[in-house]
Amino acid sequence: MVNSPGPIPRGDLVPSGIVGLLGTQGPTSRTEIARALGLSPATVTQVTKDLIARGLVEELESVPSKGGRPARLLGLVTDAGVALGAKVTADHVAVVTVELDGTVRSSVEHEYDPTAEDAIGRLSQILAEEIAELDDRLLGVGVGVPGSVDSQASGIVDAPTLGWQAAPVGPALRAAIGTPVLVDNDVNTLAAAERLYGIGRDHSAYLVVTIGRGIGCGIVVDGGIYRGANGGAGEIGHIPSWHPVGDEPPCTCGSTGCLEAYIGAAGLVRTGRGRAVIGPRGTLSTLLQAATTGDGKAQQIFEEAGAMLGRALAGVIHTVDPEVVVLMGEGVDGWDFWQTGFEPSFRRSLLPARKEVPVVVEPWTEDQWARGAASLVLSSPFDSAGNGGEQSRLVRAKLGAR
């Protein structure tokens, strides 16, 4: 969760908004910051004073004004620190190094087997090797996993797709690599990145929905990520879903008939093979290629998936009432085919007062997962609610010493 420091009320994400604005727009005057974010000049002066004291922001040259003294520009101190982000999957770990302004400085993938006997030890080794390449600018490590995490501060993970149950990821990594480590569900990390650098700068209530291997949802309410009682909020892929044809397929969670079992990557491939649209060795890429080249049966599979997603997501909209929905993930490459089913199903299922909720589809790159994980660290300066516990405090201490 991203929260503001100092006396600024909980839920007010002014500091992260300013950092995000400077990161995306470059050097900006206090007046322009106030105008862009809809803030009072006094609030901007108060918050930027704190950001300057923390070593996150610096004053730059002056620019002419239309009256009075010249305006001073503010810019990010990008060399104040970097964060390492790691996204854990069923067959690899993606690792990125990210600057304070969200710029990905480096990106690499390591083969990885989470079911191996010493899987967490191997993860520690991978991260230690990457840390060895960095200087003392490292603020900490963020880790995103496809499962439930009890808290960012603790980092105990339940991830059926990885074969992990009550896995002590956070404690083990901290002991092994000797640097602050924050752990969270991978979709929540994308929501944190959106809050710092994306659409979340303009909205305090939104959903980040991912389609790909699974179906996930990061929920932001009043400017903070809603994690639920046990860290498992947003698992919309496991909403029980009705399908008109055939038996309910098994899901990786151990149940049957979950939304993800139908429209996650494995579910789409199963349907494609079952309808002889792709061969027995066909993949999701094969199915998408068939749809792209005009195969009506392949297009229908994606259209049906979109319709199922639309109905399920409408229920989430009625529950959470977000300002906007952001769609991300590997599956957006084929969104044109999903959309034909999604849009009418989604709008038809919404109450009249919710029918105009915007849905934004963002371009996808693989390093966004790991960049999201790094955002757990980069959000620490604004964690006034203490969600990152001692780990966030250690990150802030590193920043304060610079």
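Find the relative contact order for region 261-350 and round it to a whole percent, using C-alpha pairs within less than 8 Å whose residues are 6+ positions apart.
Normalised by residue count, the contact order of region 261-350 is 32 percent.
Would you mind computing Rg(Cα) / (2.2 N^0.38 Å) for the chain, counting N as its residues?
Cα-based Rg divided by the globular estimate yields 1.02.
Starting from the alpha-carbon convex hull of region 322-383, give the projected area averaged over all orientations, in nm².
Directional mean of the projected Cα hull area for region 322-383 stands at 5.7 nm².
If the viscosity is 1.306 mPa s and the temperature 10 °C, what translational diffusion coefficient in µm²/s does Stokes-Einstein give for region 293-337 when Rh comes from Kirkwood over Cα pairs?
In µm²/s, the coefficient is 132.
Sort 223-234, 36-47, 388-399 by the packing proxy (mean of other Cβ within 10 Å over each peptide's residues), most packed first.
Highest to lowest by the protection proxy: 388-399, 223-234, 36-47.
What percent does the relative contact order of the chain come to when contacts are Cα pairs within less than 8 Å and at least six residues apart?
20
By DSSP, what percent of the beta bridges with both residues in region 197-340 are antiparallel, rounded to the nearest 5?
Expressed as a percentage, antiparallel bridges in region 197-340 total about 65.
For the chain, set up a GNM with springs between Cα atoms under 10 Å and report which of Thr286, Thr89, Thr28 has the largest fluctuation.
Thr286
Enter the mean projected area of the convex hull around the alpha-carbon atoms of region 249-318, in nm², rounded to one decimal.
Projected over every direction and averaged, the Cα hull of region 249-318 covers 5.0 nm².
Counting C-alpha atoms alone, how compact is region 114-222: give Rg to one decimal and Dmax as a whole number, in angstrom.
According to the Cα coordinates of region 114-222, Rg and Dmax are 15.0, 45 Å.
Peptides 328-338, 180-190, 293-303: what's the order by average Cβ count within 10 Å, highest mean first?
180-190, 328-338, 293-303
Can you list residues whose amide H is under 5 Å from Gly140's amide H, if they're 5+ apart or on another chain and H is modeled 1.01 Å from N?
Leu84
Under a GNM of the chain (C-alpha, springs under 10 Å), which listed residue has the highest mean-square fluctuation: Asp247, Asp113, Asp150?
Asp247
What is the diffusion coefficient of region 84-165 in µm²/s, taking the Kirkwood radius over Cα pairs and the Stokes-Einstein relation at 25 °C with a viscosity of 0.890 mPa s?
Diffusion coefficient, whole number: 183 µm²/s.
From the C-alpha gyration tensor of region 181-272, pull out the three semi-axes of the equivalent ellipsoid (sqrt of 5λ each), sorted largest to smallest, in whole Å.
28, 13, 12
Dipole size in debye (nearest 20) for region 110-197 around its Cα centre, Lys and Arg Cβ +1, Asp and Glu Cβ -1?
That gives a dipole near 280 debye.
Which whole-number value in Å² is the accessible area per residue of the chain, probe 1.4 Å?
42
Taking the Cα centre of region 162-297 as the origin and placing charges on Cβ (Lys, Arg +1; Asp, Glu -1), which of Leu284, Pro171, Cys251 is farthest toward the positive end of the dipole?
The listed residue farthest towards the positive side: Leu284.
Carbon and sulfur together cover what percent of the accessible area of the chain at a 1.4 Å probe radius?
Numbers: 8770 of 16960 Å².
Taking all protein chains in place, the chain shows 52 percent carbon and sulfur surface.
Given the options Ala153, Ala116, Ala80, state which has the largest fluctuation in a GNM of the chain using a 10 Å cut-off (strictly under) for Cα springs.
With Cα springs under 10 Å in the chain, the top fluctuation among Ala153, Ala116, Ala80 is at Ala116.
If you take every DSSP beta bridge fully contained in the chain, what fraction is antiparallel? Give it as a percent rounded to 5.
So the antiparallel bridges in the chain amount to around 65 percent.
Whole percent per 5 Å bin, from 0 to the bin with the longest distance: what is P(r) over all C-alpha pairs of region 253-402?
2, 8, 14, 15, 14, 13, 11, 8, 6, 5, 3, 1, 0
The values are calculated or read from the model by the stated rules, or taken from the named source; none is laboratory data. Just so we're clear, the structure is a prediction, and the values are computed from it rather than from any experiment. So basically every Cβ, Gly included, is an ideal-geometry build from the backbone, and we count neighbours across all protein chains shown. For the accessible areas, the whole protein counts, side chains as well, though only heavy atoms, and no ligand, DNA or RNA atoms are used. Shrake-Rupley method; radii C 1.70, N 1.55, O 1.52, S 1.80 Å.
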